[in-house]
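Here is the structure we will look at, set down as structure tokens.
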Amino acid sequence: MAIKKVGVVGCGIMGGGIAQVCAQSGYQVTVSEINDELLNKGLKVIRGNLAKSVEKGKLSKEEEAAIVGRLKGITKVEDFADCDMVIEAATENMNLKKKIFADLDRVCPPGIIMGTNTSCLSVTDVAMATKRPDKVLGMHFFNPVPLMKLLELVTTIVSSQETLETMKAFGKSLGKVVVVAKDTPAFIANRIGVPMFIEAMKVYEAGLATKEDIDNAMVYGFNHPMGPLALADLVGLDTLLYVYESMYADFKDPKWAPPLLLKKMVAAGHLGRKTGKGFYDYTGK
Ligand SMILES: NC(=O)c1ccc[n+]([C@@H]2O[C@H](COP(=O)([O-])OP(=O)(O)OC[C@H]3O[C@@H](n4cnc5c(N)ncnc54)[C@H](O)[C@@H]3O)[C@@H](O)[C@H]2O)c1
């Protein structure tokens, strides 16, 4: 089936980015949130990103208007019924994702494919919440979606080759570099990258270096575009804590144990850029 209309569940950091990139790539996009307030907040962020691109001369006013015109916000799952595919980017919680997929399965035509942007949950478990598990894959985008080129597609033992080929072509149409991983905790990039984040937090927690020096060490020593603590703030510390806890539960290896400091920061509501405070302070920015 030709994909023209894409549904995106969740208009937070990732869902907003995915909706924006799909609309920029010419797709009609229907994006959902749990209420009007969060929907308007998410759509405002997208419009702000597009306006910045116009200011920088990367986008014309006409292109901006066309992209905004391709975006539709909704708060009812029934409004995904006319989409040709749906990408879920809601909060990282298995019960929530299972409920979302069961609802999508009920309202969407049986032929359409679905992706979950989960960072570390079992794609197989999510797929099995539907009656079309062969048509469900992991679709792991990276943050910020408009800038990051990588898309990890995650196959399961029940997903079909046809679904994979369709998703590969779709990912390439968004300008992404597509890699394919089997359904294992954290897939490829996070499995390799997450231990580095945890180690950076432990070095900071132990008082071995300042946050700036930890970040500078990785930026200037390893040529990373951003240090791990600044990147953790960008990703969202609550999301990271959830990822680490889930990987620790899966692997039972202390290597994945979340640092105590991270737990305390999340308990205090210091979630990174999204709340204005994380390892760094963004309140004045
Ligand atoms: N933040 C990252 O860097 C990153 C990177 C890759 C993947 N992910 C994954 O992407 C997903 C979303 O993460 P995020 O960082 O965008 O989180 P976020 O908190 O910014 O956004 C999640 C949004 O989903 C909404 N939501 C919850 N239930 C919903 C429902 N039933 N219908 C519609 N919307 C609903 C929430 O209101 C929230 O706005 C998670 O699975 C996360 O693990 C995150």
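Throughout, read-outs are computed from the coordinates displayed, never taken from laboratory work. Since the model is a prediction, treat every value here as computed from it, not as a measurement. So basically every Cβ, Gly included, is an ideal-geometry build from the backbone, and we count neighbours across all protein chains shown.
Here the 3J(HN,Hα) profile of the range 112-129, calculated from phi with Karplus coefficients 6.51, -1.76 and 1.60 at θ = phi - 60°, is 7, 9, 9, x, 10, 8, 3, 7, 8, 6, 6, 5, 4, 4, 5, 4, 6, 6 Hz, Gly and Pro shown as x. Size estimate for the range 116-248 follows the Kirkwood approach: the inverse of mean 1/r over distinct Cα pairs works out to 16.1 Å.
Each Lys and Arg Cβ is given +1 and each Asp and Glu Cβ -1; about its Cα centre, the range 189-274 then shows a dipole of about 160 debye. Each residue of the range 50-62 is assigned a 3J(HN,Hα), and the resulting list reads 5, 4, 5, 5, 5, 4, 7, x, 8, 9, 8, 4, 5 Hz, derived from the Karplus form 6.51 cos²θ - 1.76 cosθ + 1.60 (θ = phi - 60°), x at Gly and Pro.
Within the chain, DSSP assigns beta bridges of which about 20% are antiparallel (rounded to the nearest 5). Stretching VAL45 away from LYS4 to a fully extended chain increases their span by 12.4 nm, per 0.36 nm per residue minus the current alpha-carbon distance. Computed over the alpha-carbon atoms, the range 70-160 gives an Rg to Rh ratio of 0.94, Rh here being the Kirkwood radius from the mean inverse distance.
For the chain, a simple Cβ point-charge model (Lys and Arg +1, Asp and Glu -1, everything else neutral) yields a dipole of about 300 debye relative to the Cα centre. Here's the picture: charge each Lys and Arg Cβ at +1 and each Asp and Glu Cβ at -1 in the range 1-141, and of ALA129, ASN49, ILE87 the one pushed furthest to the positive end of that dipole is ASN49. Each residue of the range 213-222 was assigned a 3J(HN,Hα) from its phi angle through the Karplus expression (A = 6.51, B = -1.76, C = 1.60, θ = phi - 60°), giving 6, 4, 5, 4, 4, 7, 5, 8, x, 10 Hz with x at Gly and Pro. Per residue of the chain, the DSSP helices (runs of n ≥ 4 H) give a summed -39500 (n - 2.57) that works out to -14500 deg cm²/dmol at 222 nm.
Averaging the inverse of every distinct alpha carbon separation and then flipping it gives the Kirkwood radius. What is it for the chain, in angstrom units? So the Kirkwood estimate lands at 19.6 Å.
Think of the chain as having a plus end and a minus end, set by charges on the Cβ of Lys, Arg, Asp and Glu; of GLY69, GLN28, VAL178, GLY69 sits farthest toward the positive end of this dipole. Here the extension length gained between GLU205 and GLU55 equals 50.0 nm, from 0.36 nm per residue of separation less the Cα-Cα distance.
Between the range 1-42 and the range 139-185, the alpha-carbon centres lie 17 Å apart.
Each other residue within a Cβ distance under 13 Å of ILE113 adds +1 if Lys or Arg and -1 if Asp or Glu, for a net charge of -2. Extension gain, ALA267 to LYS252, is 3.1 nm, computed as 0.36 nm per intervening residue step minus the present C-alpha separation. In straight-distance terms, cross-link reach from LYS277 covers every one of the aspartates and glutamates whose alpha-carbon lies under 18 Å from its own, apart from those fewer than eight places away in the same chain; here that gives GLU205, GLU212, ASP215, ASP233, ASP238. Cα centroids of the range 113-137 and the range 206-223: 37 Å apart.
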